[in-house]
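> Okay, here's the structure, questions in a sec.
The values are calculated or read from the model by the stated rules, or taken from the named source; none is laboratory data. Because the structure is a prediction, the values reported are computed rather than measured. Here the Cβ positions follow ideal geometry from the backbone for every residue, glycine too, while neighbour counts run over all protein chains shown. The accessibility values were calculated without ligands, DNA or RNA, using every heavy atom of the protein model including side chains. Shrake-Rupley method; radii C 1.70, N 1.55, O 1.52, S 1.80 Å.
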Amino acid sequence: MAWFRAVSGVARVALRRNLAQSHHHITRPRIVPRNFHSTALKSKARIGARSLAAVPLSRLTDSFLDGTSSVYLEELQRAWEADPNSVDESWDNFFRNFVGQASTSPGISGQTIQESMRLLLLVRAYQVSGHTKAKLDPLGLEERVIPEDLDPALYGFTEADLDREFFLGVWRMAGFLSENRPVQTLREILSRLERAYCGSIGYEYMHIPDREQCNWLRDKIETVKPRAYSPDRQLVILDRLIWSTQFENFLATKWTAAKRFGLEGAETLIPGMKEMFDRAADLGVESIVIGMSHRGRLNVLGNVVRKPLRQIFSEFSGGTKPIDEVGLYTGTGDVKYHLGTSYDRPTRGGKQIHLSLVANPSHLEAVDPVVVGKTRAKQYYSGDTERMKNLGILIHGDGSFAGQGVVYETLHLSALPNYTTGGTIHIVINNQVAFTTDPRSGRSSQYCTDVAKALSAPIFHVNGDDIEAVVHACELAAEWRQTFHSDVVVDIVCYRRFGHNEIDEPSFTQPKMYQVIRSHPRSLDIYQDKLLELGQISKEDIERINNKVSSILNEEFNNSKDYVPKKRDWLSAYWTGFKSPEQISRVRNTGVKPEILKSVGKALTTIPENFKPHRAVKKIFEQRARMFETGEGIDWAVGEALAFATLIVEGNHVRLSGQDVERGTFSHRHAVIHDQETGNQYCALDHLVMNQNEEMFTVSNSSLSEFAVLGFELGYSMENPNSLVLWEAQFGDFSNGAQVIFDQFLSSGESKWLRQTGLVVLLPHGYDGQGPEHSSARLERFLQMSDDNPYVIPEMEPTLRKQIQECNWQVVNVTTPANYFHVLRRQIHRDFRKPLIIMAPKNLLRHKECKSHLSEFDDLVGHPGFDKQGTRFKRLIKDQNDHKEVEESISRLVLCSGKVYYELDEERRNSGRKDVAICRVEQLCPFPYDLVQRELKRYPNAEIVWCQEEPMNMGAYSYINPRLSTAMRSVSRGISCHSHRFLFCACSGAN
């Protein structure tokens, strides 16, 4: 291999330069239909009549190598003859085998090193470009440029050479370049190359730099005998193909006008997936997480994941919501081809495998990182450190795989230490058209899968009408993943028989394609005819399977009329004991025992004796140690670390990721520190308890991606409720790069799919003079997406309150390290889960007033953080001037949120205003009506002002306005009277 890589580049350049002028070589590339098997050897005009004579090494410059390479080869041979150990092992192998074989095999005595290298280049050309001649298009419409590299004439071979024996050598390579058959005729070699690389599967793998991986694939591809399945396997494959086809036919018959995004034209996907899962289970996989868009989803749900058919049929009739169950939250629901489910399925090999199909919105590839994150979480919780038991599979469309940026973002997570899942299998349902857009308008690359080459992933293009080829490609993908733990792509080239959906008219935009499709046989018909022709099966066998499937489908349809969905049917996983929005959840305290705070404080501030951190970092750790000694001056980073640490010692998993989160964008966190001499790293949060699992606390700098990384963490958080999963944007406005995740999953996922998540999103926010892009996290967007009613005050009695449970998420803008500590711990210490959006501070990270006392974190009665309910997150922080329950002397009550409070308080002190009260609304959504009402009653004569940094069309104003007005009316503080008016103030720099 080494000599081959060294020489092949210069050799190919020389070939083109020298042979382009030869009369026996045609340089113009050929264009042939994809279904036409072209062979250059059948044309004398293409090959020429002259055979090549052996030439000495010194004359190789004539038609093969340039002078430098020729001299180099000659010197190598002389050196080898003098001392075999003086040359590289690969060259020793070459000369030893070539000379030895030539002396013992008269049939190849005329073969030269020149011809040997040319033959190897021809073999390599098939390995690199053979896929361009593969018969991939089931419709036979696509015309492809066949590279001149596949023409034997380019390498100087003629018809006279076809039956000559050639020594291929033993190059420590695989396939038919192996030791088994080092001598073959040129005809045999070309025939095997055509069969291996130009059949119904086109293999792309020579872009992979790893020789072991390439050789593994050669062994699988360049087989001595053609691939064949036993009659029993063929019967299983046929049965699965009949199920796939009949399912679509049944839906089309019963619901003729319904959109179902059927699989017609790609029915072979189902048996392919089933065989892939069976093979994966045989190789150790126990759980598979699947993500896919809408095409074929119902077929996958019914035939692969095994969602009850009666339930699917019931959903077509509108029966998607459970009934007659008191207190059961049903949400808004979603269309049937977006829903997910899970099932334990037996495999052909007698094993059990758990399948989960993740619910997916209409945004085609948005689910990709969610699936990968969920898979990684499964690996963590099952102790699958080898990443052999849990597998993610993504099913893509051709247009979206090439066009959607999140595909590339997700692919590039695959080898990152804290994001890898040991490889994802990608299946592309290649319709050869994206809705109405032809490939020439939808991508710039040759294949829709070319983006995967950036990862050195092998790509198997397969004709979707050849079911056995599809099955083989799917099995090979499973074997690759379990062997090399990296991504692999199966590109099933197929078509859509009925257009984008069943009521679409595809002939408007693809008339020629659909002329062919209308008369094109189904893949089932093609396979049945093949088996009948081979005598592997009888017509009676086919009829028996068809009748069996038809009978089951009709029986399930009849049962669907009386089917009543149960709660579990719609959940891809069920968290036992966790409450739905209609079930009351008890509010819990989040304070921690003082001795635990001291203990974890010591661990958080201890640096190993021989570790040499940066002197500034060492000073920070010394300052933090003094905070725990005195109990004073706890800052934002320490408050966060305490939240993480106390949750970990309680047995919870904590994971934080995002861009530069280990140090923190603003150099405040220092969760991971670096030895300035050795470069070694140390994370104090990894050393809180004895024998702590190294992943129990995970903090990881991510790739420069928002969409994929946030989606990954969302999927991770969905697997197990006993984990605090956080994603931090570098600046809050960067979240707009992941807007699809916020819109389609976080803000609406529970309502659509009944899936809870406690994901925390940290968005640095605040007008600190860093320009328009790095000032606002677009707080208004998250509040606008909040679904609480602004005109109705919900039940606010603490023992009956379900306000947070009934809203879609929480949005907070906290102002103290202690309150930040409690809001993070609150995410775990309750029996439901809800997304939390935090407007994280920037200048408050080091603000002299933004400090907390250690007693505000504990659970002792009488300490500053303890109130009537105990120590917990404060949704509203009242004025800090110790006002009485009623203060008639206050003329203005300023309500605000976030860092602007400190600017207002400073201005109040500087101006000596005793008649102004300032209250901080820490939790914006859901709105704390009860606490706002309390403050309105406390200051009966005050005018009410909402103050924010942002302009009126931004920030919280649009959300606060109707809710504050509702609260004022509820306590008879009408907003029409001048003395009770509600004012807006945009405050920048405490003006």
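> Less than 12 Å Cβ to Cβ from ARG348, Lys/Arg counted +1 and Asp/Glu -1: what total charge do the surrounding residues give?
Summing Lys/Arg as +1 and Asp/Glu as -1 gives 0.
> Quick check on packing: order 487-493, 515-521 by the mean number of other C-beta atoms within 10 Å, highest mean leading.
487-493, 515-521
> Leaving ligands, DNA and RNA out of it, report the carbon-plus-sulfur percent of the accessible area of the range 594-870 at a 1.4 Å probe.
Ligands and nucleic acids excluded, carbon and sulfur give 49 percent.
> Among 301-312, 957-968, what's the highest-first ranking by average C-beta atoms within 10 angstrom per residue?
With the highest mean Cβ count within 10 Å placed first, the list reads 301-312, 957-968.
> Could you name the aspartates and glutamates in cross-link range of LYS453, using Cα to Cα under 20 Å and dropping any fewer than eight places away on the same chain?
Within reach: GLU204, ASP210, GLU212, GLU365, ASP368, ASP398, GLU409, GLU479, ASP487, ASP491.
> In addition: Going down the table (LYS619/LYS842; LYS135/LYS307; LYS602/LYS802), which pairs top 32 Å between alpha carbons?
Cα-Cα > 32 Å for LYS135/LYS307; LYS602/LYS802; rest within.
> Can I ask one more? Tell me, what is the per residue accessible area of the range 594-870 in Å², probe radius 1.4 Å?
Spelled out: the 1.4 Å probe surface of the range 594-870, per residue, equals 38 Å².
> Sorted by packing (mean other beta-carbon atoms within 10 Å per residue), highest first, where do 348-359, 832-843 land?
By packing density, highest mean first, the sequence is 832-843, 348-359.
> Can you give the local net charge around ILE537? Use residues other than it whose beta-carbon is closer than 15 angstrom to its beta-carbon, Lys and Arg +1, Asp and Glu -1.
Summing Lys/Arg as +1 and Asp/Glu as -1 gives -3.
> Let me ask you something else. Could you derive backbone 3J(HN,Hα) for the range 614-619 from the dihedral phi with the Karplus parameters 6.51, -1.76 and 1.60 (θ = phi - 60°), listing whole Hz in sequence and x where the residue is Gly or Pro?
After applying 6.51 cos²θ - 1.76 cosθ + 1.60, I find 4, 4, 5, 5, 4, 5 Hz.
> Restricting attention to the range 127-158, which GluC sites (Glu not before Pro) occupy a DSSP loop and are surrounded by at most 16 other Cβ atoms within 10 Å?
On the way: sites: GLU142, GLU143, GLU148; in loops: GLU142.
Within the range 127-158, the qualifying GluC sites (Glu not before Pro) (loop, at most 16 other Cβ atoms within 10 Å) are GLU142.
> Out of residues 5 or more away from LEU391 or on other chains, whose amide H comes under 5 Å of its own, with H placed 1.01 Å from N in the peptide plane?
Long-range HN contacts for LEU391: SER287, ILE288, VAL289.
> What are the residues whose amide H is under 5 Å from the amide H of VAL490, where those residues sit 5 or more places off or on another chain and H is modelled from the backbone?
The answer is HIS426, ILE427, VAL428, PHE460.
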